[in-house]
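Q: There's a structure below that I have some questions on.
None of the figures in this text is laboratory data; all of them are computed from the coordinates on show. Predicted model, so just to flag it, every value in this text is computed and none were measured. Cβ placement follows ideal geometry from the backbone for every residue including glycine, while neighbour counts extend to all protein chains displayed.
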Amino acid sequence: MITVDNLQKSYRAGSGLRDHTQKHVLTDVSFHLNDGECLGIIGESGSGKSTLSRILLGLETFDGGNIWIDGMPHKKWIKQNKGKFSVVFQDYRTSVNPKWTVQQIIEEPLNILRSEKKIMPSMK
Ligand SMILES: Nc1ncnc2c1ncn2[C@@H]1O[C@H](COP(=O)(O)OP(=O)(O)OP(=O)(O)O)[C@@H](O)[C@H]1O
Ligand SMILES: [Mg+2]
């Protein structure tokens, strides 16, 4: 279950040192997703789809609002559930090695997770 509540994200748009102009990319984004539901996010180029995804993955900070996953603050959930969240980035060529077979591509993260669990058995 994922709940996103009034999420806000701005990037610095000014070019000079004293230019603190902000570009508001996400303004009051809210949604609730139950287990087993699938959400498609549609919008024109530059509307913030990737920014929202990066925030959900914990790769980007946000300026305001809240995110909960399974009732837990999302930062804490991500820490405790390493390996349960994954992404295929827009440019798949930078995500996977095009010279590898599909089997090698799927095996790589599974092997990494397996070896991490051997080092840290407390991982789920
Ligand atoms: N790290 C950053 N620094 C400054 N501005 C950024 C940064 N990342 C994204 N932006 C700006 O935020 C806005 C939203 O970008 P984002 O990549 O989230 O859009 P998008 O909806 O995924 O677009 P597309 O459909 O082209 O993939 C754009 O104006 C972009 O230039
Ligand atoms: Mg994008």
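Q: Under unit Cβ charges (Lys, Arg +1; Asp, Glu -1), what dipole magnitude, rounded to 20 debye, does the chain have relative to its Cα centre?
A: Details: 17 positive and 13 negative charges, 115 e Å.
Result for the chain is approximately 560 debye, rounded to the nearest 20.
Q: Picking from Leu39, Val87, Met72, whose Cα lies most toward the positive end of the charge dipole for region 1-101 (charges on Cβ: Lys, Arg +1; Asp, Glu -1)?
A: The one lying farthest along the dipole's positive direction is Val87.
Q: Provide the gained length on full extension for the span Asn111 to Lys75, in nm with one decimal, where the gain is 0.36 nm per separating residue minus the Cα-Cα distance.
A: On the way: separation 36, 0.36 × 36 = 12.96 nm, distance 2.47 nm.
So the extension gain works out to 10.5 nm.
Q: Which of Val25, Val4, Val96 comes first, and how do the rest follow, when ranked by fewest Cβ neighbours within 10 Å?
A: Values: Val25 18, Val4 21, Val96 15.
Ranking Val25, Val4, Val96 by Cβ neighbours within 10 Å, fewest first, gives Val96, Val25, Val4.
Q: R0 = 35 Å: FRET efficiency of Leu39 with Ser15, Cβ-based, nearest 0.05? Numbers along the way, then the final one.
A: Values: r = 35 Å, r/R0 = 1.01.
The pair Leu39/Ser15 has a calculated efficiency of 0.50.
Q: Follow-up. Relative to the first principal axis of the alpha-carbon coordinates of the chain, what is the inclination of helix 102-119, with its axis defined by its Cα atoms, in degrees from 0 to 90 and to the nearest 10?
A: 90 degrees
Q: What nm value, rounded to one decimal, do you get for the distance between Lys99 and Asp63 when each label is placed 7 Å out toward the C-beta?
A: Here the modelled spin labels are 4.4 nm apart.
Q: What nm value, rounded to one decimal, do you get for the distance between Tyr92 and Lys23 when each label is placed 7 Å out toward the C-beta?
A: Calculated label separation equals 2.8 nm.
Q: Which GluC sites (Glu not before Pro) from region 33-124 combine a DSSP loop assignment with at most 16 other Cβ atoms within 10 Å? Working shown, then result.
A: Details: sites: Glu37, Glu44, Glu60, Glu107, Glu116; in loops: Glu37, Glu44, Glu60.
Hits after loop and neighbour filter: Glu37, Glu44, Glu60.
Q: How large is log10 of I(q)/I(0) for the chain at q = 0.11, 0.12, 0.16 Å⁻¹ when the intensity is taken from the Debye formula with one equal scatterer per alpha-carbon?
A: -0.53, -0.62, -0.99
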